[in-house]
Structures are given as structure tokens and as C-alpha cells.
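One structure is given here, and the rest of the page talks about it.
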Amino acid sequence: MFEVRNDEPRYAFLSDKDTKAQNRYGQNIELTEPSSELRDKSLCINGDSGIGENPNRYKQHGFYFNSDNCIGCHACESACSEKNDVPIHLAFRSVGFVEGGTFPDYQRMNISMACNHCDEPVCLTGCPTRAYTKFAEYGAVLQDPDICFGCGYCTWVCPYNAPQLDPVKGEVSKCNMCVDRLEVNLKPACVAACLGNALDFGVIENIPENRVQAKAEIPGFPTTDITHPNIRFQQTRSTHREMTRTDAMPLKYHRDDKEGKFKPVVDEKQGREKYWNLRKLLTSHESAHVIFTLCTQATVGAFLLLIVAPLLGLDSLAVLHNPDVLLPLLVAMVTISTVGLFKLNMHLGKPHRFYRGFNNLRLSPVSREIAGVSMFYTGLLGYALFALFDNAFSQFLANTCAFIGVISGAIGLFYMYKLYRIPARPFWNHWQTGSAFVGSMLSLGALIVAVTSIFSLSPATLEAQALLQTVTAIIVLGLGLESVGHFFHARDMQASANEGAASYYRQVTQYGKSYIFRNLLLGFSLLLAMKMALTGFDTGTGLLLMLSMLVSSAFGRSLFFVLVIPTTMPGAFFWKNDGFVEHAKATGLADAPQHGVAYERHHAFKMNELMQTLKENSLKDMLDHIKWIFGK
């Protein structure tokens with residue numbers, strides 16, 4: 001248990017007496033029944049089997065923030081970091097601010113934010129390793145870094161930037177509500193340290209002493225609809241109609257007088273000039289996801305054409321089962337799929353824990369995607385192993401693997417789409433994500449079939465011409481579907497009034513030339529494919545089509561990842577400021593691991609160190625270094 005000091009001040013103790021039965025969302029504040037087996041169980045904090053004496057132990061607790069009082073001293077940040085031994089490059093609680101007006105009528109409003117221990121924690125349902133648990137004790141949402149394998153999906157889905165991915169350890173950690181202090185009736189460390197009496201804590205919906213409001217939103221705070229967060233606000237001071245962020249995010253907040261809320265709108269901080277930004281676009285930290293999604297969608301598409309298309313009456317594709325065509329096609333699919341899976345796995349903070357990705361099949365779309373794609377890969381390998389043997393038993397095994405591959409491939413792609421439908425990332429939360437994925441599956445899958453067929457068959461033969469004409473028609477279908485999705489997505493994002501509109505603004509300015517280039521290549525590829533589908537294959541046009549499609553796909557998927565703007569809190573200091581990332585890379589601060597910025601470089605640094613060790617040191621040293629790489 002946490003040791004209570006003899007001189008602990010009165011304001012540091014919990015003081016809730018009377019509490020409400022339900023919160024504003026209609027959910028019970030009492031989290032267990034009096035007869036529940038969950039009661040009277042120890043949290044075993046620091047190995048202590050004792051049970052706290054807090055009479056409200058099984059009620060939902062939450063933070064209370066009075067923006068009128070916050071002076072931006074960051075004492076709450078320091079107390080949290082000191083109490084929880086948080087690394088210098090992370091912050092479980094952080095203070096940002098929004099501002100409005102001009103001198104002399106300038107106004108600044110500070111916001112202190114940590115995990116809100118939500119009623120419906122999307123981090124819990126999204127985590128593939130089941131590292132999160134919502135406890136009946138205080139309603140705390142706790143995360144176990146030892147279970148985490150560092151995929152970072154919880155950092156994508158959380159609207160409040162609460163989970164912190166440690167780029168050095170390769171794992172996530174976050175605010176734990178200071179449950180050890182709660183067990184001895186003390187408020188969390190951040191609350192006890194607050195100099196301005198801006199932070200408070202207690203049973204949710206209770207208004208602290210000398211406070212008059214318990215609002216659910218203030219300017220800069222994302223919508224509560226996603227997770228029903230357990231934080232309440234007081235803001236009695238009037239604000240300007242427009243409040244702006246001081247970080248690099250192209251967002252500001254306008255007051256909607258009808259609803260009495262501030263809503264995000266685009267802030268054109270960077271003007272309207274268009275740029276390429278190729279380095280940021282093509283070498284982002286999410287490049288592994290670009291490669292994985294494209295490779296997986298392409299191989300699933302090619303496998304479906306190989307197995308399903310002949311069953312649907314596309315007789316021209318039956319030639320794919322000719323051993324001269326089948327072998328190079330299977331080699332190509334296995335190679336491309338392996339590259340994608342390898343890139344995804346090495347993208348994890350702890351790649352050696354990849355097997356934990358199956359732990360949350362009941363809730364997490366990531367677990368379901370991993371399971372589907374892994375089963376597809378297994379079915380593909382099995383089919384590649386048995387399909388070339390001409391005996392009944394091998395053909396039975398090949399057909400079984402083909403069935404597994406087709407079903408699991410479809411499941412994997414469906415949940416690949418579902419995991420990107422994230423309310424906290426409006427740019428992704430659109431049906432166009434599905435049209436882009438299906439379009440890539442069709443067009444790139446058909447491209448794999450076309451390329452391997454050209455090298456296996458003489459393009460002049462009738463069967464080759466029929467095959468190529470069919471696959472180019474499928475390419476037209478895939479590219480057309482992708483083009484339609486992009487059109488409606490751009491229209492809807494431009495018309496939206498949230499972070500999706502800000503992403504669109506970045507798309508046409510910060511990455512404007514790359515965006516136009518992708519669109520031109522996509523249209524050009526569609527015209528070339530239509531020409532070949534109508535007039536037949538020729539080598540020059542085919543090579544040009546292949547090059548155009550590959551570059552267009554790389555640009556399009558890279559834009560998908562770098563443009564997304566999450567519904568995070570305003571950041572104003574150090575790495576919490578989105579602009580600090582670019583500043584750190586430009587000045588060399590990103591080379592220091594404690595800043596936690598460009599962590600893809602840290603993996604490269606570790607691998608370089610390993611190679612040097614292989615050259616110079618003993619086997620024991622090499623094994624020790626490998627353990628260091630994997631974070632042991």
C-alpha cells in the first residue's frame with residue numbers, strides 16, 4: 001500500500017460522502033452488486049494483499065478540472081512523472097492550452113489531461129494483447145506494459161492521447177489513476193500537487209466543494225460520444241468565439257451558440273501553397289503499414305483470382321493452374337506476402353511477442369485481422385506445397401488449404417478495414433477506406449497474375465491474350481472502385497467540420513503536389529488498363545501500366561497514413577507539440593532516444609550496433625546484445 005505521511009494535508013484526502021446512482025450517460029456509478037464476487041478482493045499493489053477501506057471503492061471515480069484556476073505551472077505533470085517513475089520522453093499527464101483574442105484582450109485557457117478511465121474504453125476493446133483491464137475498483141482502466149507488444153493501436157483509437165508508446169522500451173504505458181493512493185483514501189499525485197486548486201478527484205458527477213459546474217466538454221476537448229470519459233470541467237469565465245491551438249495542428253475551435261459547444265474547424269496556418277514533402281511521405285514511421293497492407297491485399301487478390309475466378313465462370317483464368325504458370329505465381333504470392341508480414345512484425349515495439357496478437361479475438365479487430373491474415377498465409381503456403389503434386393491425397397490437401405486461404409483472406413481483409421474505422425481518426429472513418437482496400441486487392445492482385453503470366457506464357461498465344469484481357473478488365477474494376485472512393489472521400493472531408501477537414505487541408509497544401517501526382521497516376525493507370533482491356537495486350541503499355549500502378553499505390557497508401565489527424569488534445573510544450581517532431585528531426589534532437597521522436601531510427605541504430613558486435617565480440621556478447629534489442 002502507499003504509505004500515508006503524518007503531515008499529509010487535508011486537501012489530499014478523498015472526501016466523497018453522498019454520490020449519485022447514475023452518471024449523465026445513464027450508466028451506473030456503482031460498478032458491482034453488493035453480493036458480487038469482485039468485492040473484497042485485493043488489487044495486490046506492490047505485492048500487498050490488503051484491501052482499501054474507501055467506502056466508495058467500487059464506484060466510478062474521475063478527474064475534475066477547473067480551467068478557471070489552472071495557471072499552467074505543470075506541477076501535476078512533474079508529480080505524476082516523479083510518483084510513477086515516468087521516463088523523461090513520456091508524460092502520463094500533460095498540460096496544453098488554447099488561446100483567443102489579441103492584445104490587449106488576449107485569453108489563454110490551460111488544459112491538464114491524462115487518461116479519463118472511460119466508461120467505454122476503446123483502448124481496451126482495441127488492444128490485441130489484452131493488456132488493458134477496467135477494474136470494478138474505482139472504475140480504473142489499467143494497462144500492463146509487460147503484456148503489451150508495442151503495436152500502438154491503443155494510441156490510434158484513444159481520442160485523448162492517453163496511452164503512451166515508449167519508443168525506447170517498445171511498449172505502451174499510461175496513467176493508472178494512482179490506485180495505490182486511492183486505497184488509502186488519498187487523491188492521485190497530480191491532484192495533490194496542483195498549486196492552483198484546478199485539479200480535483202472523486203466519485204464521478206460529484207461537484208467538489210466551492211465549485212459550481214460539472215461540464216463534459218470545454219474548448220479543445222474531443223467529443224465525449226466515443227468513450228464517455230470520466231472527467232468533468234468547470235469554465236465560468238467567458239471565452240472568445242474562436243479559440244486557436246498553439247501547436248502545428250491546423251485546427252481551431254468555434255463556439256456553436258445553438259449547442260453551446262466549441263467545434264473544431266480548419267485553421268489555415270500553412271497558407272495554400274502546395275508542396276511535395278516526399279521525404280515525410282515515403283519514409284514515415286507508418287511505412288511498414290503501407291507495405292503490409294498493399295502486399296497483403298495484392299496477394300489475397302491474386303489468390304482469389306487463382307482459386308475462385310474459375311469457379312465463377314472466368315474460363316480464361318483456368319490456364320493459371322498450368323504448372324508452368326502456377327509455380328511462378330505461387331512463388332510471387334508467397335514472397336510478397338512474406339515481405340508484408342515481416343515488415344509488420346518488425347514494426348512492433350517487441351517483435352518477439354508477435355504471438356500475443358491473437359489474445360483478444362473476442363473484441364479487437366486487430367486480433368481478428370492478425371488471425372485472418374495468418375490463416376491466409378498458412379493456407380497459401382499449404383496450397384503452394386501440395387498443389388504441384390499430381391496425386392489424389394495432395395490435391396485434397398491443396399483444396400483444403402485453398403478453402404482455408406480464401407475464407408481467411410476475406411476475413412483478414414474485412415477486419416483490416418474495420419480496424420481503420422476509428423471515430424477518433426475521422427480521415428479514416430469513411431467507407432472510402434473499404435473501397436481503397438478492395439480496389440487495391442483487385443487491381444494489384446490482377447497485376448501479380450498478369451506479370452507472372454507474361455513471363456510464363458507467350459503473350460502471342462490465344463490463351464495468354466484471353467487471360468491478359470480478363471485481368472486488365474479486373475484491373476479496370478479495381479482502379480475504378482478506388483477512384484470513385486477517392487472522389488467521394490475528398491468531397492466529404494472537405495465539407496466536414498472536424499479533424500477530417502484538417503487532414504484534407506494538409507492533403508491539398510502540405511502534400512498538395514504529391515496528392516495531385518497520385519491522382520494523375522491513378523487516372524493514367526485507369527486509361528491504360530481500359531485501353532488494354534479493349535484492344536489487347538502489348539508489352540510497352542503493360543510495363544507502363546505496371547510502373548504507374550505501383551507508384552500510384554505507394555503514394556496513395558502513404559498519403560492515407562501521413563495525412564490522418566487524430567482527435568487529440570492541444571499540445572503546447574516539447575514533444576506534445578506536433579511541430580516539435582519536425583523541429584527535432586531538423587536539429588538532431590530526434591537522435592537522442594530520450595526525446596522519443598523518430599523511433600524508427602532507434603531500431604536501425606540497434607541493428608547497426610548488433611552488426612558491429614557480430615564482427616568484434618564473443619557469442620555471449622552477441623546473445624546479450626540480441627536480448628537488449630528485444631528489450632529484455
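The values are calculated or read from the model by the stated rules, or taken from the named source; none is laboratory data. None of the values given here were measured: they were computed from a predicted structure. Positions of Cβ are generated from backbone atoms using ideal geometry, with glycine treated the same way; all protein chains shown enter the neighbour counts.
Numbers below:
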read-out	value
Candidate set: the stretch 130-157, residues that are of a type in the set (Val, Ile, Thr) and over 24 Å from Asn46 (Cβ atoms); chosen: the one surrounded by the most Cβ atoms within 10 Å (Cβ to Cβ)	Val157
Hits in the stretch 263-285 - residues which are in the same structural domain as Phe403 (by TED's automatic domain parsing) and small (Gly, Ala, Ser)	Ser284
Residues of the stretch 453-481 classified as buried (at least 21 other Cβ atoms within 10 Å of the Cβ) and polar (S, T, N, Q), total	2
All positions within the stretch 358-387 that are among the basic types (Lys, Arg) and surrounded by 14 or more Cβ atoms within 10 Å (Cβ to Cβ)	Arg368
Unique match (being part of a strand (DSSP E or B), at pLDDT 85 or above and in contact with an Asp or Glu (Cβ under 7 Å, 6 or more places away or on another chain)) among Tyr25, Tyr64	Tyr64
Single unsatisfied condition, Leu312 versus (1) touching a residue at least 12 places away in the same chain (Cβ under 8 Å); (2) on the phi < 0 side of the Ramachandran plot	(1)
Subset of the stretch 98-126 (residues that are more than 28 Å from Gly202 (Cβ to Cβ) and out of contact with any Asp or Glu (no Cβ under 8 Å at 6 or more places or on another chain))	Glu99, Gly101, Thr102, Phe103, Pro104, Asp105, Gly126
Test: Leu329 is out of contact with any Cys (no Cβ under 9 Å at 6 or more places or on another chain) and at pLDDT below 95	yes
Residue within the stretch 288-302 that is in contact (Cβ under 8 Å) with a residue 12 or more places away in the chain and within 21 Å of Tyr504 (Cα to Cα) present	yes
Those strands (runs of 3 or more DSSP E) lying entirely in the stretch 190-273 with at least 1 residues in contact with a strand residue (DSSP E or B) (Cβ under 6 Å, 6 or more places away or on another chain) and among the basic types (Lys, Arg)	231-234, 242-245, 251-256, 261-266
Subset of the stretch 10-22 [of a type outside the set (S, T, N, Q), part of a loop (DSSP other than H, G, I, E, B) and either surrounded by 12 or more Cβ atoms within 10 Å (Cβ to Cβ) or not assigned by TED's automatic domain parsing to the domain that holds Pro229 (or both)]	Leu14, Asp16, Lys20
Residue check, Ile51 assigned by TED's automatic domain parsing to the domain that holds Leu186, out of contact with any Pro (no Cβ under 8 Å at 6 or more places or on another chain), among the β-branched types (Val, Ile, Thr) and over 30 Å from Met109 (Cβ atoms)	yes
Per-region count, the stretch 28-59, residues charged (D, E, K, R), surrounded by 12 or more Cβ atoms within 10 Å (Cβ to Cβ) and either touching a residue at least 24 places away in the same chain (Cβ under 8 Å) or assigned to a strand (DSSP E or B) (or both)	5
Number of the exception - Ala402 against (1) more than 21 Å from Leu545 (Cβ to Cβ); (2) in a loop (DSSP other than H, G, I, E, B)	(2)
Filter result (out of contact with any strand residue (DSSP E or B) (no Cβ under 8 Å at 6 or more places or on another chain) and either part of a strand (DSSP E or B) or of a type in the set (Lys, Arg) (or both)) within the stretch 87-143	Arg130
Filter result (modelled with pLDDT under 90, basic (Lys, Arg) and within 28 Å of Arg353 (Cβ to Cβ)) within the stretch 86-135	none
Failed item, numbered, when Leu165 is tested on (1) in a strand (DSSP E or B); (2) of a type in the set (A, V, I, L, M); (3) closer than 28 Å to Asn6 by Cα	(3)
Members of the stretch 60-85 found to be closer than 22 Å to Val212 by Cα and of a type outside the set (A, V, I, L, M, F, W, C), listed by number	Gln60, His61, Gly62, Tyr64, Asn66, Ser67, Asp68, Asn69, Gly72
Among the candidates Cys70, Cys115, Cys127, residue that is surrounded by 19 or more Cβ atoms within 10 Å (Cβ to Cβ) and more than 30 Å from His254 (Cβ to Cβ)	Cys127
Filtered residues of the stretch 482-537 (kept if of a type in the set (D, E, K, R) and crowded, with 20+ Cβ neighbours inside 10 Å)	Glu482, Glu499, Arg506, Arg518
Of all residues making up the stretch 104-159, the number that are acidic (Asp, Glu), closer than 30 Å to Ala371 by Cα and touching a His at 6+ places or on another chain (Cβ under 9 Å)	2
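Rundown of residues vs (1) surrounded by fewer than 22 Cβ atoms within 10 Å (Cβ to Cβ); (2) under 30 Å from Pro459 (Cβ atoms); (3) in the same structural domain as Leu444 (by TED's automatic domain parsing), yes/no style:
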position: Ser287; (1), (2), (3): yes, no, yes
position: Ile291; (1), (2), (3): yes, yes, yes
position: Asn322; (1), (2), (3): yes, yes, yes
position: Leu326; (1), (2), (3): yes, yes, yes
position: Met333; (1), (2), (3): no, yes, yes
position: Asn345; (1), (2), (3): yes, no, yes
position: Tyr355; (1), (2), (3): yes, no, yes
position: Phe389; (1), (2), (3): yes, yes, yes
position: Ser394; (1), (2), (3): yes, no, yes
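The rows are residues; the columns are (1) closer than 20 Å to Lys83 by Cβ; (2) crowded, with 23+ Cβ neighbours inside 10 Å; (3) modelled with pLDDT of 85 or more; (4) not hydroxyl-bearing (Ser, Thr, Tyr).
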residue	(1), (2), (3), (4)
Asp180	yes, no, yes, yes
Cys190	yes, yes, yes, yes
Ile204	no, yes, yes, yes
Asn210	no, no, no, yes
Pro219	no, yes, yes, yes
Thr227	no, yes, yes, no
